[in-house]
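A short write-up of the structure that comes next.
The values are calculated or read from the model by the stated rules, or taken from the named source; none is laboratory data. Note that the structure is a prediction, hence the values are computed from the model and not measured. Neighbour counts are summed over all protein chains in view; Cβ atoms, including those assigned to glycine, are modelled from backbone coordinates with ideal geometry.
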Amino acid sequence: MNHFELYNIPISLSPDQYLVKQRYYELSRKYHPDFHSLATDEEQADTLEMASQVNTAFKIFRSAEETIKYVLQLKGLLEEEEKYQLSPDFLMEMLELNDAAMDVSSQEDADALTARIHTLEKEIYEPVEKIITGYQEGTTSEKELLQVKEYYYRKKYLDRILAGLK
């Protein structure tokens with residue numbers, strides 16, 4: 001059972017956060033180990049496993065990047081530790097940003113670089129925004145999902161550089 005099935009919500013690249021939270025509380029109560037203390041050892045183990053899956057799913061659904069990653073994995077379009085090849089132009093730009101991050105000598109420099117990275121984030125998100133927000137199971141094409149995959153890997157680069165600035 002995948003996380004969307006567990007939460008009984010449609011597969012989405014941007015799930016309804018209100019619904020996610022509502023289902024999380026329902027499932028947390030349903031699978032809370034304290035409510036199954038009189039069950040058999042096997043039933044308690046099953047309940048504990050379900051509680052763990054409920055928590056894992058919630059953590060994924062609360063993060064836009066993790067949700068994108070999860071859906072792409074469900075669709076067989078992304079593998080753990082995949083060596084994804086980004087364009088040389090993008091990689092060159094990331095090298096320049098990384099060099100700039102290493103040369104930051106003041107808070108003003110850090111703020112300017114952070115602003116530049118946020119601008120790049122918006123630029124890479126814009127072409128996939130409609131795909132992410134309007135994802136429809138069975139309607140969104142593999143080609144569109146591959147564009148989301150490209151965005152996912154580009155965003156990871158920018159996030160690493162931002163993390164290095166903090």
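Looking at segment 77-85, can you tell me whether even one residue there is in a helix (DSSP H, G or I) and touching a residue at least 24 places away in the same chain (Cβ under 8 Å)? Within segment 77-85 (the criterion being in a helix (DSSP H, G or I) and touching a residue at least 24 places away in the same chain (Cβ under 8 Å)), the answer is no, since none of the residues qualifies.
Among the residues that make up segment 53-75, is at least one of them at pLDDT below 90 and either assigned by TED's automatic domain parsing to the domain that holds Arg154 or not aliphatic (A, V, I, L, M) (or both)? Checked against the condition, which is being at pLDDT below 90 and either assigned by TED's automatic domain parsing to the domain that holds Arg154 or not aliphatic (A, V, I, L, M) (or both), segment 53-75 yields no hits at all. The residues on offer are Tyr153, Tyr70, and the sole one that is more than 17 Å from Phe4 (Cα to Cα), in a helix (DSSP H, G or I) and of a type in the set (Phe, Trp, Tyr) is Tyr153. Regarding Thr114, is this residue polar (S, T, N, Q), more than 15 Å from Leu78 (Cβ to Cβ) and without any contact (Cβ under 8 Å) to a residue 24 or more places away in the chain? Criteria not met by Thr114. Among the residues of segment 15-50, those that are in a helix (DSSP H, G or I), at pLDDT below 85 and aliphatic (A, V, I, L, M) comprise Ala45, Leu48.
A single member of Glu123, Glu82 is charged (D, E, K, R), surrounded by fewer than 12 Cβ atoms within 10 Å (Cβ to Cβ) and either over 23 Å from Val20 (Cα atoms) or under 18 Å from the mean Cα position of the chain (by Cα) (or both), and it is Glu123. Of the residues making up segment 138-150, those that are loosely packed, with under 12 Cβ neighbours inside 10 Å and in a loop (DSSP other than H, G, I, E, B) number 3.
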